[in-house]
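The values are calculated or read from the model by the stated rules, or taken from the named source; none is laboratory data. Keep in mind that what you see is a predicted model, and the values were worked out from it rather than measured. Here the Cβ positions follow ideal geometry from the backbone for every residue, glycine too, while neighbour counts run over all protein chains shown.
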Amino acid sequence: MKISVKLDRDTLKLVLDGTRSFSEQKAEVEKHLLGMKSFLENGRARFAYEGATLTFEEEIELCEIADKAFGYEVDFCHVQMPPYNMTRHFMANGEELVKKVVGTVKQGEIVESNGDILVLGDVNASAQLVARGDIYVIGNLRGVAHAGYNGNAKAVVYAMHMNPVMIKIADKIGFNPSTTEDNFNGFAQIIDGEVKIKTV
């Protein structure tokens, strides 16, 4: 089965071959996405995939291929299990290690974790992520992210596209800095008592 790309409203969907490994399809994926670049020249589009189940590492690779093909005008999302699929991982002592969310965290939704939060998708405006540990968003962060809610000042917030309403780490609050870009690959942490958001 050959892979294909289709445009569904504002979402560019990559249909993978479920009978082949992702590594066997990478070159073909890049070729198809580069061929679709013209569809995004005058606006934004969402990017999704279906037809196969990828590991976290493979999804990161796919994001990198899409960024190379389209630049940061592409919003990455996973559409296999809408609105999102949540998996919780625990340590041997029962303490929550990470809560993984696959898909878009929609407006008004709140995702909480006693450990870290990993979102493979977008976090819409007015959605909230609240974690005792770190927060990682492999997509657009447009809502509120509160890491280290128990006072952990060493917690961090990372987003592939950083455009939050607000970021809070422990009891310190930070906002998106002035930038010429609509959003950027960013990393937030407490430095000298203040939340600093920097490009990566």
Point to revise | Of the criteria (1) among the basic types (Lys, Arg); (2) modelled with pLDDT of 70 or more; (3) touching a helix residue (DSSP H, G or I) at 6+ places or on another chain (Cβ under 7 Å), which one Lys2 fails | key: (3)
**Study point:** Residue satisfying all of: in segment 145-164; touching an Asp or Glu at 6+ places or on another chain (Cβ under 9 Å) and assigned to a strand (DSSP E or B); surrounded by the most Cβ atoms within 10 Å (Cβ to Cβ) among these
**Key:** Ala147
Practice item. From the list Glu30, Glu59, Glu50, pick out the single residue that is at pLDDT 70 or above, in contact with a His (Cβ under 8 Å, 6 or more places away or on another chain), among the charged types (D, E, K, R) and not assigned by TED's automatic domain parsing to the domain that holds Asn140. Key: Glu59
Exercise for review: Could you please give the count of residues in segment 116-146 that are of a type outside the set (Ser, Thr, Tyr) and within 14 Å of Ile169 (Cα to Cα)?
Suggested key: 13
Exercise for review: Scan segment 81-89 and give yes if some residue there is modelled with pLDDT under 60, buried (at least 17 other Cβ atoms within 10 Å of the Cβ) and at negative phi, otherwise no.
Suggested key: yes
**Study point:** Every residue from segment 165-178 that is surrounded by 15 or more Cβ atoms within 10 Å (Cβ to Cβ) and either farther than 20 Å from Asp116 by Cα or at pLDDT below 90 (or both)
**Key:** Val165, Gly174, Asn176
Review point. Hey, does segment 179-186 have a residue that's assigned to a loop (DSSP other than H, G, I, E, B) and at pLDDT 90 or above?
Key: no
Practice item. Return yes or no: is Asn114 within 25 Å of Glu64 (Cβ to Cβ) and of a type in the set (S, T, N, Q)? Key: no
**Study point:** Positions within segment 8-20 being out of contact with any Gly (no Cβ under 8 Å at 6 or more places or on another chain), surrounded by 11 or more Cβ atoms within 10 Å (Cβ to Cβ) and either in a loop (DSSP other than H, G, I, E, B) or at pLDDT 90 or above (or both), in sequence order
**Key:** Arg20
